[in-house]
Amino acid sequence: MQSIRKIRPDPLAFLAEREEVGLQVPRADAAVGFWSKDYHGLSRHPAVVNAVVEAISIRGVGSGAARAEASGTPDFEELERRLAAFREVEAVLTFQTGFMTNLGVLTSIAGKADSVIYDQGSHPSVADGVRLSGAQGVTYAHRDLDALESALRQVRGKAAAAGRRRIVVATDAVFGMEGDIAPLGEIAGLAERFEAVLVVDDAHGFGVLGRGGRGAVDHFGLHGRVDVEVGTLSKAIGAMGGFAGGRTYLKQRLVSARPSLSSTALPSAIAVAAIAALRVLENEPERVERLWSNAGFLRIRLRALGFDTGASETPIVPIRAGDAQTTSRLWAGLRAAGVDTQRIINSRVSPRLRLIVTSEHTMEDLDYCVQAMRDVGARIGLI
């Protein structure tokens, strides 16, 4: 029988010609890994693991229905109450992922008659949410307050003539590729001045910034001045899912957002895991202190060796090695030495390694990483 590929050209052949990122599976035998966004190792915490095992034995593995229909809803309602109290907002609604949260939020609060202005360094889910909403999307240069003000002024000036009703400003709190922090105080001031809705994606800030990891809004003292706070349960909480927090009426609106209404809900065991992890974070605030101590130590040591860590000021530490080939050589050399990092080679940012520090890293881990970076960096002529 003749092959289908011999009968007609492969209509998906163009995919092979596109930029290849490649899967980077962590090595099981690596001495130390700097790739996980599980900032406090809570996915492996005994209290979290035991809570999940018990929940699965009682409720099963899957949820079987959408968020509004699933029998595990009471567990998520309890999680949402706890998250709202921890974040100091009126209400929280959980979603299947942080990506879906941004899609749900932006398609719920913006439409064809509206405009969304967002930092060009924001997570791709923001741009996708803007496109799906049908709103006019306007980007501004990364962390550039003058560019944001100019965009706000232009959009506000054209709003009446174009019939646009609402302006939304969206930004990440901590930028995942650079490890820097948005100037949220100034952004909030501009949003208020131009009567814009402010959406902050705190995926990398929740569990990292603020008192005991309460997040970027707490870090900047902006409670009540951020209209929508987006977060994830898949990073510092060590589970899975996302959430949006704000006023009670926001939650009531988001319940009918398509990602929530038209997709199967997370398993009840995920809510139980997140509750257990949140309890650990609340009872052990020293984890956040240790995280920042570890991140500062590693960043200072790497900069002293001559590595370019960009504008990093958080546990996300990029290593800008120049071109893709040098980046790959550094990554491979570290991998051979037993240090796992993330190699990022795509069109969004310049080639780099991304090291992510956790509160679980020991001083021996950090020293080992620094030694490997020094040896490999010198061998390939990077430092």
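Readers should treat all values here as calculations from the given coordinates under stated rules, not as data from a laboratory. All values derive from a computational prediction rather than experimental measurement. Neighbour counts run over all protein chains shown; Cβ positions are idealised from the backbone, glycine included.
Across the chain, the mean sequence separation of Cα contacts (distance under 8 Å, 6 or more residues apart), normalised by length, yields a relative contact order of 24 percent.
Of the peptides 308-320, 275-287, the order by per-residue mean of other Cβ atoms within 10 Å, starting with the highest, comes out as 308-320, 275-287. Please work out the FRET efficiency for the pair N283 and R348, using the Cβ-Cβ distance as r and a Förster radius of 45 Å; give the result to the nearest 0.05. Between N283 and R348 the formula returns 0.75.
Under a 5 Å amide H cut-off, with hydrogens placed 1.01 Å from N, A170 pairs with I117, Y118, D119, V199 among residues at least 5 apart or on other chains. Computed extension length for N50-R165: 36.4 nm, one decimal, from 0.36 nm per residue of separation with the Cα-Cα distance subtracted. Counting charges near Y368 (Lys, Arg +1; Asp, Glu -1) among other residues having Cβ under 13 Å from its Cβ returns a value of -3. Here's how it looks for G33: its modeled amide H is under 5 Å from those of D340, which are all 5 or more places away or on a different chain. When the alpha carbon gyration tensor of region 334-383 is reduced to an equivalent ellipsoid, its three semi-axes come out at 20, 16, 8 angstrom, largest first.
Pairs of Lys residues in the chain are counted when their Cα atoms are under 24 angstrom apart and they lie 8 or more places apart or on different chains; the count is 4. Couplings for region 364-375, taken from phi via the Karplus curve 6.51 cos²θ - 1.76 cosθ + 1.60 with θ = phi - 60°, read 5, 4, 5, 4, 4, 5, 4, 4, 5, 4, 5, 5 Hz in order; Gly and Pro are left as x.
Couplings 3J(HN,Hα) for region 215-232, derived from phi with the Karplus relation 6.51 cos²θ - 1.76 cosθ + 1.60 (θ = phi - 60°), are x, 5, 4, 5, 4, 8, x, 10, 4, x, 10, 10, 6, 9, 10, 9, x, 10 Hz, where x marks Gly and Pro. The HN-Hα couplings worked out from phi for region 342-356 by the Karplus form 6.51 cos²θ - 1.76 cosθ + 1.60 (θ = phi - 60°) are 9, 9, 10, 10, 8, 7, 6, 9, 5, x, 6, 9, 10, 9, 10 Hz, whole numbers, x standing for Gly and Pro. In terms of overall dimensions, region 165-205 has a Cα radius of gyration and Dmax of 10.8, 34 angstrom.
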